[in-house]
Amino acid sequence: MIDGKTRTCGLIGNPVEHTMSPLIHNMLAEKLDIPMVYVPFLVEEDLAKAIEGAWHLNLLGLNVTVPYKSQVMDSLVDCHELAAKIGAVNTLVRKEKGFKGYNTDISGLYRAMSSEGISIQGETVIVLGAGGAARAVAFLLASYGASQVYLLNRSLSKAQEVAREVNQAFEKECIQAMALTDYQRLPEEPMLCIQATSVGLAPQVDKAVIEEEDFYRRIHTGYDLIYRPSRTRFMQLVERCGGRAYHGLKMLLYQGVEAFELWNKVKIEEALALEIYERMKGEMGIEE
Ligand code: NDP
């Protein structure tokens, strides 16, 4: 029931109509009996004015999606340290004089991986891609103590740039850039691999960024950030070579859960998060 005490949160981006975030937040608010609603806001131009307006309208918080995750940083009064290092913000939390920015994509990915029992500390990890998502993953891996990260990308120069930035930010040489085509130079031992390219995303579901099976024999756990489709070609290849494979829907769930926790100063129990996850899977027609 919306009344005079209801607070508003929302998503700003362009486009916003395919988002699953209203389902996550409105269900959490209902289950916890918190007077909050969450709505999508299409922002076509003048992001700075939209943020200013949102603060003056007393919004409790916002999520930010494509194409504004970097640009929004110019409109903040404060920024969480890791989000500032990554250079991307997806959650704004209301403060006294404006919004503070956070990156719950990355804390959400960490929580999603932890909930599957995947650890990062001391691990050797392969990351596929060097775009916005891969860059954030590289920062996550460095900050949670991966011992060695091989960052493979089609354009080697982009991978080198990300590796340089992350190594500099953490003052250690833990990220090594490689071209995708050089994967045979990777160590032979089984490793965790995070798929962070857009290859395999619907509608191009029959593609993986690397097709050769000898690459997949190096993977004990494959984590694809893509969740549409829910079983990507990358995941199929990992499983065919004996590894465990996961899609990115839990990352989406937990980026929302972490934002909700920041806005409402609550802690969401794993059981409730998983209840929301079942609804998300239902919406997407995922059965497993
Ligand atoms: P970007 O556009 O920033 O980066 C795309 C990456 O894919 C680049 O590394 C690019 O390589 C690579 N790539 C694209 N096409 C090809 C190709 N034909 N062959 C080889 N490599 C290719 O995208 P993002 O980093 O923002 O997103 C990447 C993926 O992560 C998307 O699929 C997105 O859906 C997913 N994602 C999931 C989230 C979740 O909550 N689960 C959150 C955020 C992202 P190059 O540099 O050479 O062009």
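Annotations
- Among C79, C174, C241, the largest mean-square fluctuation in a Gaussian network model of the chain (Cα springs under 10 Å) belongs to C241.
- Long-range HN-HN contacts of V89 with modeled amide H, under 5 Å: S70
- When all protein chains stay in place and ligands, DNA and RNA are ignored, the 1.4 Å accessible-area order of I34, I219, largest first, is I34, I219.
- Per-residue ellipticity at 222 nm, computed for the chain from helices alone with -39500 (n - 2.57) per DSSP H run of at least four residues, works out to -11500 deg cm²/dmol.
- Within a Gaussian network of the chain (alpha carbon springs, distance under 10 Å), most fluctuating of K100, K69, K265: K265
- Ordering of 267-279, 83-95 by packing is 83-95, 267-279, highest average first (other Cβ atoms within 10 Å, averaged per residue).
- Charge dipole (Cα centre; +1 on Lys/Arg Cβ, -1 on Asp/Glu Cβ; no other charges) of the stretch 1-66 amounts to roughly 240 debye.
- Per-residue 3J(HN,Hα) values for the stretch 4-15, derived from phi via the Karplus relation 6.51 cos²θ - 1.76 cosθ + 1.60 with θ = phi - 60°, read x, 9, 5, 9, 10, 10, x, 10, 10, x, 7, x Hz in sequence order (x marks Gly and Pro).
- Prolate/oblate/rounded call for the stretch 1-52, Cα gyration tensor, a/c under 1.5 rounded: oblate
- Measuring against 19 Å, Cα to Cα, the residue pairs K31/K267; K95/K265; K69/K97; K85/K267; K69/K172; K95/K250 contain K69/K97; K85/K267; K69/K172; K95/K250 as the ones spanning a longer distance.
- Note on R164: accessible area is roughly 120 Å² with a 1.4 Å probe, heavy atoms of protein only.
- Degrees separating the helix 156-170 axis from the principal Cα axis of the chain, which is the longest one: 70
- Evaluated at q = 0.08, 0.12, 0.13, 0.15 Å⁻¹: base-10 log I(q)/I(0), Debye formula over Cα of the chain: -0.34, -0.77, -0.90, -1.17
- P(r) histogram, all alpha-carbon pairs of the stretch 200-288 included - 5 Å bins from 0, percent: 3, 14, 20, 20, 16, 12, 9, 5, 2, 0
- Sorting the segments 182-189, 223-230 by their residues' average number of neighbouring beta-carbon atoms within 10 angstrom, most packed first, yields 223-230, 182-189.
- Here the peptides 4-13, 244-253, 130-139 are ranked by packing, the mean other Cβ count within 10 Å, and the order with the highest first is 130-139, 244-253, 4-13.
- Sequence-distant residues sharing a close amide H with M36 (under 5 Å, placed H): R7
- At 1.306 mPa s and 10 °C, Stokes diffusion of the stretch 158-222 via Kirkwood alpha-carbon radius, µm² per second: 117
- Folded to 0 to 90 degrees: helix 132-143 orientation relative to the chain principal axis, Cα: 80
- Cα centre as origin, Lys/Arg/Asp/Glu Cβ charges: the chain dipole, Debye: 300
- Counting only alpha carbon atoms, the long axis of helix 21-32 and the longest principal axis of the chain meet at about 60°.
- Percent breakdown of C-alpha pair distances by 10 Å bin, ordered from the shortest bin, for the stretch 9-115: 15, 46, 35, 4
The values are calculated or read from the model by the stated rules, or taken from the named source; none is laboratory data. Small disclaimer: the values here were computed from a predicted structure and weren't measured. Cβ coordinates were reconstructed from backbone atoms using ideal geometry, including for glycine residues, and neighbour counts include every protein chain displayed. SASA here: full protein model, heavy atoms, side chains in, ligands and nucleic acids out. Shrake-Rupley method; radii C 1.70, N 1.55, O 1.52, S 1.80 Å.
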